[in-house]
1. Looking only at the stretch 123-134, decide whether some residue is crowded, with 16+ Cβ neighbours inside 10 Å, in contact (Cβ under 8 Å) with a residue 12 or more places away in the chain, among the acidic types (Asp, Glu) and out of contact with any Gly (no Cβ under 6 Å at 6 or more places or on another chain).
2. Could you check the stretch 165-184 and list, in sequence order, the residues that are surrounded by fewer than 14 Cβ atoms within 10 Å (Cβ to Cβ) and over 15 Å from ASN44 (Cβ atoms)?
3. Looking at (1) touching an Asp or Glu at 6+ places or on another chain (Cβ under 7 Å); (2) under 23 Å from ILE143 (Cα atoms); (3) of a type in the set (A, V, I, L, M, F, W, C), can you tell me which one ALA88 breaks?
4. When the stretch 115-139 is examined, which residues are found to be over 13 Å from the mean Cα position of the chain (by Cα) and either modelled with pLDDT under 95 or of a type in the set (A, V, I, L, M) (or both)?
5. Can you give me the number of residues within the stretch 46-61 that are under 17 Å from GLN72 (Cβ atoms) and modelled with pLDDT of 95 or more?
6. Restricting to the stretch 46-91, what's the tally of residues that are surrounded by fewer than 23 Cβ atoms within 10 Å (Cβ to Cβ), of a type in the set (D, E, K, R) and in contact with a Gly (Cβ under 9 Å, 6 or more places away or on another chain)?
7. From (1) surrounded by fewer than 19 Cβ atoms within 10 Å (Cβ to Cβ); (2) touching a residue at least 12 places away in the same chain (Cβ under 8 Å); (3) charged (D, E, K, R), pick out the condition that doesn't hold for ASP115.
8. Which members of the stretch 173-196 meet the condition of being among the acidic types (Asp, Glu) and either touching a Lys or Arg at 6+ places or on another chain (Cβ under 6 Å) or assigned to a strand (DSSP E or B) (or both)?
Amino acid sequence: MGEFEFDKKFGIRTSGIKEWGDDFYHYHRCEPTPYKALEKLFNNYNPEKSGRLVDFGSGKGRVAFYIHNRFQIPVVGIEAQDDVIDEALDNKKRYRLRAKNIEAPIRFEYGLAEDYEVKPQDNIFFFFNPFSADVFRDVLKNIRVSLKESPREADLILYYPMPKYKKIMENAQEFEIHNKVAIQGARDNRDKFIVYRHRPDEE
């Protein structure tokens, strides 16, 4: 299925790019992850049934709805643009009419990613370059603190990873590369996913 067909299947509207104003230079534009990329990733990577995914910079909710529908696990989207999260919440209303049978919760929180309190049940973290490396470092610090306080296996997924993100992850020694998934036919070799895994017994 194409972009339009997936949105139609879920009863949502997630296309389009939304730029930030000049005052928010640490936050990047809202741009949805291509469905074909999500299909490629999740044909090669299966989240645990006990997982709860947090999508940082969730935009209009595409990743959240896709994962919730395919794997029926709890999903949390964190978004800092107020008008964009309004669209995500409108999408959720329409999506829930078509996904009444899925018991797992799906919710969106308005706020800055670095202010999100990582919960003990959060164990999958998704990023599509939503903000600067400085903000990513702060978010990763919060994740690492949570993993130390509540030891658990956890995965961190980067799509189209920026070099600075990769460098930060290289220095996060409690994470190791678990999987790399390239997007077939992509013109840019950066068009891929890197899945990092934390195992508490390897600290």
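1. no
2. LYS167, GLU170, ASN171, GLN173, GLU176
3. Condition (2) is where ALA88 drops out.
4. So in the stretch 115-139, the residues over 13 Å from the mean Cα position of the chain (by Cα) come out as 115-121, 132-135, 137-138.
Listed by number, the residues that qualify are VAL118, SER132, ALA133, ASP134, VAL135.
5. 5
6. So the count comes out to 1.
7. Of (1) surrounded by fewer than 19 Cβ atoms within 10 Å (Cβ to Cβ); (2) touching a residue at least 12 places away in the same chain (Cβ under 8 Å); (3) charged (D, E, K, R), only one is false for ASP115: (2).
8. GLU176
The values are calculated or read from the model by the stated rules, or taken from the named source; none is laboratory data. Fair warning: this is a prediction, and the values are worked out from it, not measured in the lab. Methodologically, a virtual Cβ is constructed for each residue, glycine included, from the backbone with ideal geometry; neighbour enumeration extends over all protein chains shown.
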